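Let me begin by presenting the structure, written as structure tokens, before commenting on it.
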Amino acid sequence: QGAGKTDMFASLPNEEKKALLKRFISDESYGHATFPQLRQYNGFDDELTLRPVAIRLSELLNDGSEPKVEVKFAEDCLDADDIVATLEPGQVLLLENVRFYSDENSRKESERLAMAQKIASYGDFFVSDAFGTSHRKNSATMVGIPTVIGHGCCGYLMQKEIMAYSKLLGGDGDGKRVAIVGGAKVSDKILLLEHILTQIDSLIVGGAMAYTFLKAAGFQIANSFHESGQSFGDKYGERQNIDDLAKHFLIKAKACNVEVLLPVDHICHTSCEPTDKPFITETANVPDGYMALDIGPRTIELYQKCISQCRTAVWNGPMGVFEIPTYATGSFSIAKAMGDGTQERGLLSIIGGGASADAAQLCGHATRVSHVSSGGGASLDLLEGKVLPGIDALDDKNT
């Protein structure tokens with residue numbers, strides 16, 4: 001799952017992706033082309049090229065429309081002047097993936113600025129629709145181009161993301177609020193967890209990070225993935241013990257009157273592999289020789305009941321290893337509960353991109369919730385209370 005893929009291409013059915021890639025691969029002249037800038041920087045990658053996107057964009061823009069829209073493709077972002085000079089009104093130029101260039105995320109401001117100036121010279125206005133990369137501070141395109149041009153506005157997708165999170169973080173709506181948090185590591189989500197404590201009534205915890213909390217609470221987790229006994233560097237550069245962090249968080253949540261729901265049963269196996277006969281625990285304890293890979297049926301019922309009692313729900317991180325069908329029920333059940341609540345009683349439901357969005361798409365409930373974010377990392381930063389540089393660089397000037 002390359003981070004450089006556009007949201008449009010990533011959302012295409014697999015068969016359509018394969019067809020577009022096959023058409024691209026058949027064009028031998030492109031795959032073997034070399035450009036000085038690409039050799040100097042990160043380099044060309046077959047899997048991340050936007051050539052198939054240019055083909056699909058042309059098909060979409062010319063789907064029954066007249067006159068025909070010509071979509072041109074620049075194989076080198078930093079050497080497209082000749083193509084730009086030939087553009088006529090109504091034509092579209094798609095640049096190659098900027099992630100091929102190390103200047104895009106260079107630590108040197110001068111290198112980022114040089115790239116931004118070059119790309120900015122191709123146009124007069126900057127419209128940003130890349131919410132998924134808006135959390136990247138050192139970005140020649142997201143931050144550099146609007147700085148060079150002196151103006152930047154959001155596109156429809158970016159506007160949709162901003163409005164959805166404004167409703168969530170702005171406290172719109174009455175009633176209880178729940179955050180559903182999953183994924184692998186407590187250390188990856190601790191800033192999110194601590195920041196949202198004052199904004200929610202309930203916290204649902206799933207995924208591998210739940211086993212770190214269960215371990216801290218005194219339960220047996222056997223071979224389940226966890227961070228118990230480990231440490232990590234916090235935002236101040238100091239080492240923090242994960243066990244102490246988990247215990248202190250549970251104490252802090254109680255002090256904030258936030259109900260923390262942890263799994264009360266699990267779907268287990270002896271290894272992280274498919275099985276027709278998974279072991280379902282009767283309690284929150286995982287027996288020796290097993291590893292928990294998804295939340296169990298009683299936990300699902302508990303979590304769904306909590307969501308049904310809330311007016312706002314945000315989900316970031318899967319409940320289990322949903323990529324394996326045996327362990328997908330937990331994540332799919334969360335998606336269904338959020339979809340049902342949205343459709344039946346107007347629940348404000350937001351899925352924060354990344355693996356959670358993949359799970360919701362896979363089970364067919366993504367279209368039933370209020371909003372599915374296109375950016376996992378950007379969503380996480382927003383929920384942690386951070387300012388997104390790619391949005392901060394935009395303005396509200398009238399042009």
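Working only within region 129-154, note down all residues that are assigned to a helix (DSSP H, G or I) and touching a strand residue (DSSP E or B) at 6+ places or on another chain (Cβ under 9 Å).
Passing the criteria: PHE131, THR141, MET142, ILE145, PRO146.
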- Considering only residues of region 349-359 that are crowded, with 22+ Cβ neighbours inside 10 Å and not small (Gly, Ala, Ser), which is nearest to GLN309 (Cα to Cα)? ILE350
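Has region 323-330 got any residue that is within 26 Å of the chain's Cα centre (by Cα), more than 16 Å from SER356 (Cβ to Cβ), of a type in the set (Asp, Glu) and open to solvent by 60 Å² or more (accessible area, probe 1.4 Å)?
Initially, region 323-330 is screened for residues within 26 Å of the chain's Cα centre (by Cα), giving 323-330.
Retained after the next criterion (residues that are more than 16 Å from SER356 (Cβ to Cβ)): 324-326.
Next cut, of a type in the set (Asp, Glu) only: none.
Among the residues of region 323-330, not one is within 26 Å of the chain's Cα centre (by Cα), more than 16 Å from SER356 (Cβ to Cβ), of a type in the set (Asp, Glu) and open to solvent by 60 Å² or more (accessible area, probe 1.4 Å), which makes the answer no.
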- Task: Select, from LEU94, LEU78, the only residue that is over 30 Å from VAL258 (Cβ atoms), open to solvent by less than 40 Å² (accessible area, probe 1.4 Å), modelled with pLDDT of 95 or more and not hydroxyl-bearing (Ser, Thr, Tyr).
- Result: LEU94
- Note on the structure: The residue from ILE280, ILE295 that alone is touching a Gly at 6+ places or on another chain (Cβ under 6 Å), surrounded by fewer than 15 Cβ atoms within 10 Å (Cβ to Cβ) and not polar (S, T, N, Q) is ILE280
- Task: Could you give me the residue pairs with C-beta distances under 8 Å whose first residue belongs to region 255-277 and is under 20 Å from ILE334 (Cβ atoms) and touching a residue at least 12 places away in the same chain (Cβ under 8 Å), whose second residue is of a type in the set (Ser, Thr, Tyr) and open to solvent by 40 Å² or more (accessible area, probe 1.4 Å) wherever it lies, and which are 6+ apart or on separate chains?
- Result: VAL264/THR283; ASP265/THR283; ILE267/THR329; CYS268/TYR290
- Message: Need pairs with beta-carbon distance below 8 Å; first residue farther than 16 Å from GLN230 by Cβ and in contact (Cβ under 8 Å) with a residue 40 or more places away in the chain and within region 180-207, second assigned to a helix (DSSP H, G or I) and among the aromatic types (Phe, Trp, Tyr); sequence gap 6+ or separate chains.
- Response: ILE180/TYR303; LEU193/PHE249; GLU194/PHE249; ILE204/TYR303; VAL205/PHE213; GLY206/TYR303
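Can you name every residue in region 115-140 that is under 19 Å from the mean Cα position of the chain (by Cα) and either under 14 Å from PRO389 (Cβ atoms) or of a type in the set (Phe, Trp, Tyr) (or both)?
Selection gives SER128, ALA130, PHE131, GLY132, THR133, SER134, HIS135, ARG136, LYS137, ASN138, SER139.
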- Message: Give all pairs with beta carbons closer than 9 Å in which a residue from region 46-67 that is farther than 24 Å from ARG99 by Cβ and touching a residue at least 60 places away in the same chain (Cβ under 8 Å) meets a residue that is open to solvent by 40 Å² or more (accessible area, probe 1.4 Å) and part of a helix (DSSP H, G or I); count only pairs at least 6 apart in sequence or on separate chains.
- Response: none
- From the option list GLY150, GLY170, GLY218, single residue qualifying as without any contact (Cβ under 8 Å) to a residue 24 or more places away in the chain, open to solvent by 50 Å² or more (accessible area, probe 1.4 Å), over 26 Å from LYS336 (Cα atoms) and over 18 Å from the mean Cα position of the chain (by Cα) is GLY218
- Message: Can you tell me how many residues within region 53-74 are under 21 Å from ALA140 (Cβ atoms) and open to solvent by 60 Å² or more (accessible area, probe 1.4 Å)?
- Response: 0
- Query: Which one of LEU168, LEU113 is part of a helix (DSSP H, G or I) and closer than 30 Å to SER349 by Cα?
  - Reply: LEU168
- Considering region 221-262 alone, what residues qualify as being closer than 18 Å to PRO287 by Cβ and under 24 Å from the mean Cα position of the chain (by Cα)? PHE225, HIS226, LEU262
- Task: Please identify the pairs in which a residue from region 106-131 that is of a type in the set (A, V, I, L, M, F, W, C) has its Cβ atom under 6 Å from the Cβ atom of a residue that is open to solvent by 30 Å² or more (accessible area, probe 1.4 Å), counting only partners at least 6 apart or on another chain.
- Result: ALA116/VAL148; ALA120/VAL148; ALA120/ILE149; PHE126/ILE149; VAL127/CYS153; PHE131/SER374
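Suppose we keep only residues that are open to solvent by less than 30 Å² (accessible area, probe 1.4 Å) and in contact with a strand residue (DSSP E or B) (Cβ under 7 Å, 6 or more places away or on another chain) within region 360-379. Which one would you say is farthest from GLY132 (Cα to Cα)?
VAL369
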- Residues being open to solvent by less than 90 Å² (accessible area, probe 1.4 Å) and under 14 Å from PHE322 (Cβ atoms) - total across region 267-277: 2
- Meets criteria (out of contact with any Asp or Glu (no Cβ under 9 Å at 6 or more places or on another chain) and either of a type outside the set (A, V, I, L, M) or open to solvent by less than 10 Å² (accessible area, probe 1.4 Å) (or both)) for ARG345: yes
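The values are calculated or read from the model by the stated rules, or taken from the named source; none is laboratory data. Everything numeric here is computed off the predicted structure, so don't read it as measured data. As a convention, Cβ positions derive from the backbone with ideal geometry for all residues, glycine included, and neighbour counts pool all protein chains shown. These accessible areas exclude ligands, DNA and RNA; they are computed on the full protein's heavy atoms, side chains included. Shrake-Rupley method; radii C 1.70, N 1.55, O 1.52, S 1.80 Å.
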